[in-house]
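Heads up: the structure comes next, in structure tokens.
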Amino acid sequence: MRISFRRQRKRTIALEYIEGEEWRFLEVPSFREVVEYFHYRRRIRIFEAYDRCYSYPPTPIFYLRIGSTGDAIVWSSSNISFRWDFNFSGMKKWSGGMLIIALAMILVLRYNLVENQSKKQTAYSFFRNNPTNGSRLKDNGVIKSSQPKQILNLLKKPYLISVEGLSELYSSKTVSEEESKVILVWSEMRSLLSRSDSLPETARGIREASIAWKDLLATIEKEKASRFTENSSYGNNPGDRNCPFSVSMLNNTISRNESILEFPCGLVEDSSITVVGVPDGHRGSFQIELLGSQLQGEPKPPIILHYNVSLPGDKLTEDPVIGQNTWTTENGWGKEERCPVHGSSSKLKVDGLVQCNKQVVRNVIEENANGSQPSNETWTNGLKGSTHMSFNFPFAEGNAFTATLWVGLEGFHMTVNGRHETSFGYREKLEPWLASRVKVAGGLDLLSVLANGLPVPEDLDLVLDVERLKAPPISKKRVIMLVGVFSTGNNFERRMALRRSWMQYGAVRSGDVAVRFFIGLHKNAQVNFELWREAQTYGDIQLMPFVDYYSLITLKTIAICILGIKILPAKYIMKTDDDAFVRIDEVLSSLKGKSSNGLLYGLISFESAPHRNKDSKWYISTEEWPHAAYPPWAHGPGYIISRDIAKFIVQGHQGRYLKLFKLEDVAMGIWIEQFKNSGQEMHYINDDRFYNAGCESNYVLAHYQGPRMVLCLWEKLQNEHSPICCE
């Protein structure tokens with residue numbers, strides 16, 4: 001429950017209460033205390049007291065409003081309303097007291113009007129007789145909580161703040177009406193981006209997006225101008241630079257001190273960088289670094305991965321070690337991860353692979369007293385502490401090696417001479433698609449560098465089936481379902497695979513189901529331009545007014561709801577990812593006969609707890625979520641909600657009474673719990689055929705499917721008419 005006296009925009013006072021699960025606040029300030037509070041402050045200020053909980057949409061009991069002209073007070077509740085004229089001009093000190101007395105009189109009057117019992121019902125008795133969903137009322141009248149009582153907090157409603165770069169994002173005058181169809185939700189998201197309780201990295205994502213957007217508009221203008229310039233040559237236009245599948249650097253282009261190889265459109269999952277060289281211990285350690293794009297005003301580019309190899313010292317007095325780390329201008333160096341690990345090793349895995357591969361270690365200590373020579377080989381993740389050791393460290397002075405760094409789902413992995421050696425999980429703000437070049441430096445005679453499997457957009461001039469792949473026009477006032485697909489700017493191949501597979505279902509081509517990709521801006525100018533051309537060609541992309549950071553994906557969820565409520569009205573709204581295969585026909589068939597209100601359909605987790613391990617990608621602090629468990633939520637690769645829930649979410653965030661939470665699928669569960677606690681009926685429909693990690697026969701949704709697998713699944717459906725997995 002929440003009791004609050006609120007001032008909004010210097011014009012409003014409201015008393016609210018919330019009745020929902022886990023609220024424990026059973027007493028409210030008396031009217032006298034409220035008057036004294038206002039009198040003490042000499043002005044009306046926010047006063048709120050509530051228990052920590054995920055349930056707090058405001059439900060007004062009564063409402064006091066100071067007229068916009070400053071000469072009236074309007075009070076309304078249910079079917080009762082009053083107006084009291086009052087002149088605020090020339091107000092003296094005594095006028096504050098008069099206003100307080102007037103407010104107190106109205107509050108007392110309302111308190112008496114709503115009294116329906118012979119004896120006055122206190123706030124305590126009201127809430128006691130109307131227990132929340134999370135409480136059980138015993139026969140003796142005492143409320144027994146299903147969970148421990150939390151400590152009361154004082155919290156202010158989020159307010160709007162000034163964010164650097166936001167105005168520049170919303171001052172686009174060179175974009176035509178037709179071109180602006182790719183930014184339809186921007187106008188509805190501005191207040192969301194200005195919240196004082198914004199998600200981590202919101203300010204950074206907006207600031208960087210404003211620079212990227214400005215550069216993109218300039219490139220678009222150059223491209224338009226070049227169409228009318230007879231002497232413009234191909235290659236001089238920024239838009240003519242392509243995104244190659246591979247780039248390489250051989251002996252004749254390699255510097256002895258350091259060498260840099262650029263990849264114009266970044267990295268994607270399964271991209272790889274192969275380095276061939278010979279360590280030179282006399283020149284010290286050597287480094288392989290992945291660098292991000294450097295925007296205007298940044299002193300140095302971020303280091304997405306710093307891979308440092310230290311060879312053994314003279315007479316083996318120093319242990320060889322591999323260090324992995326990151327660096328940003330804001331935070332400097334992060335926490336280094338070393339291999340081999342001394343002492344106990346981490347049990348965390350990245351894409352199912354250990355962070356440090358086990359080493360074969362042989363002790364070469366002098367013979368022991370009984371004359372025996374110890375020769376035991378032990379598999380270990382770390383050294384035993386001896387200063388004289390010999391083992392198969394993957395790099396050795398004077399020995400040529402071939403090291404391949406490849407991009408996984410959860411992190412980077414290094415193989416040396418065909419053997420996996422190290423793994424390094426991605427860190428926030430340093431996702432692989434932000435990388436733009438690799439630098440090799442230090443004590444290494446470099447022979448070659450090859451970057452392979454890079455993202456490549458299709459040549460739009462060579463695509464023969466463009467019309468078949470374009471988003472069909474929507475002629476109906478309301479579609480059956482809007483499918484919002486999370487994607488990243490340089491995932492060109494994934495999006496094309498979806499357009500050629502499940503986006504060819506009859507329901508999609510007829511316009512009954514609309515599919516749209518939701519993509520943040522990229523720090524790479526070439527990626528943004530290729531993305532813009534793709535969006536204008538196929539008409540199924542919605543750009544986001546921020547750079548694509550993992551911590552901001554919840555904003556995409558809200559954007560999908562905005563599109564499905566205010567712009568492209570839909571009965572149902574689905575969220576999925578660009579590496580998921582969705583059987584649209586089966587989803588629609590499963591929705592038939594189910595409630596069209598208060599619906600959450602997907603693979604639902606009814607019992608889950610926040611990750612408290614700081615090394616986890618899904619780490620949540622007690623400040624972000626103080627409870628031991630989450631409310632029910634559906635796994636992010638694919639779920640469907642009804643229109644009324646989406647509407648509640650849009651209104652709640654535009655009204656700033658719903659909480660922002662960085663885990664988007666859990667956030668949806670939190671908002672739905674608040675929707676339920678506002679008095680709405682909820683229907684949780686769990687379907688085990690939504691596979692959030694892989695594919696199984698008879699699937700409705702299969703996750704972690706690359707472009708080749710997506711096309712294979714579609715081909716099997718067309719030829720065998722059965723949901724059979726490809727591998």
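Rule-based calculations on the coordinates, nothing more; no lab input. Computed from a prediction, not measured in an experiment: that's the story for all the values here. Cβ sites come from the backbone with ideal geometry, for glycine too, and all protein chains shown count toward neighbours.
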Too-long pairs where the Cα-Cα distance tops 22 Å, listed order kept, from LYS335/LYS429; LYS470/LYS575; LYS566/LYS594
LYS566/LYS594
Amide N of the stretch 589-616 lying under 14 Å from the label point, which is placed 7 angstrom from the Cα of VAL341 along Cα→Cβ:
614-616
Say R0 is 51 Å: what FRET efficiency, to the nearest 0.05, do ASN417 and LEU460 get from their beta-carbon distance?
0.80
Find how much the distance from ARG708 to SER551 grows on full extension, using 0.36 nm per residue of separation minus their present alpha carbon separation; answer in nm with one decimal.
53.7 nm
Starting from the exponent 0.38 and prefactor 2.2 Å, build the expected Rg for the stretch 594-710 from its residue count and divide its actual Cα Rg by it.
1.14
In a solvent-free Debye calculation with one equal scatterer on each Cα, what is log10 I(q)/I(0) for the stretch 500-639 at q = 0.16, 0.17, 0.18 Å⁻¹, listed in the order of the q values?
-1.07, -1.17, -1.26
Which whole-Hz ³J(HN,Hα) couplings does the stretch 551-558 yield from phi under the Karplus relation 6.51 cos²θ - 1.76 cosθ + 1.60, θ = phi - 60°, glycine and proline marked x?
5, 10, 5, 4, 5, 5, 4, 5
Using the count of nearby Cβ atoms within 10 Å as a rough guide to exposure, how do MET682, MET249 rank from fewest to most?
MET682, MET249
How far apart, in nm, are the 7 Å Cα→Cβ label points at GLU330 and ILE260?
2.3 nm
Let me check I've understood the local charge: for VAL463, count other residues with C-beta under 14 angstrom from its C-beta, Lys and Arg +1, Asp and Glu -1. What total comes out?
-2
Distance cut-off 29 Å, Cα to Cα: go down the list LYS157/LYS662; LYS571/LYS662; LYS614/LYS647; LYS614/LYS676 and report the pairs above it.
LYS614/LYS647; LYS614/LYS676
Find how much the distance from LEU348 to ILE567 grows on full extension, using 0.36 nm per residue of separation minus their present alpha carbon separation; answer in nm with one decimal.
74.5 nm
Quick note, the stretch 450-503: a/c under 1.5 would make it rounded; otherwise a/b > b/c is prolate and the rest oblate (a ≥ b ≥ c, C-alpha gyration tensor); here it is oblate
In nm, the gap between the two label points placed 7 Å beyond Cα toward Cβ at ARG533 and SER590 is 3.8 nm
Nearest-0.05 FRET efficiency for SER621 and GLU727, computed from C-beta distance (R0 30 Å)
0.15
If neighbour count is taken as other Cβ atoms inside 10 Å, put LEU591, LEU290 in order from fewest to most.
LEU591, LEU290
Given 614-624, 631-641, 217-227, the highest-first ranking by average Cβ count within 10 Å works out to 631-641, 217-227, 614-624
Virtual spin-label span in nm between GLN294 and ASN686, 7 Å along Cα→Cβ
5.3 nm
What's the extension gain from LYS614 to ALA218 if we count 0.36 nm per residue and subtract their Cα-Cα distance?
138.4 nm
Between the stretch 285-304 and the stretch 665-685, the alpha-carbon center distance in angstrom
43 Å
Which parts of the stretch 274-305 would a label at ASN399 reach, counting a residue when its backbone N lies under 17 Å from a point 7 Å out along Cα-to-Cβ?
276-282, 286
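So if I place +1 on the C-beta of Lys and Arg and -1 on the C-beta of Asp and Glu, and nothing else carries charge, what would the dipole magnitude of the stretch 459-568 be about its Cα centre? I want it in debye, nearest 20.
480 debye
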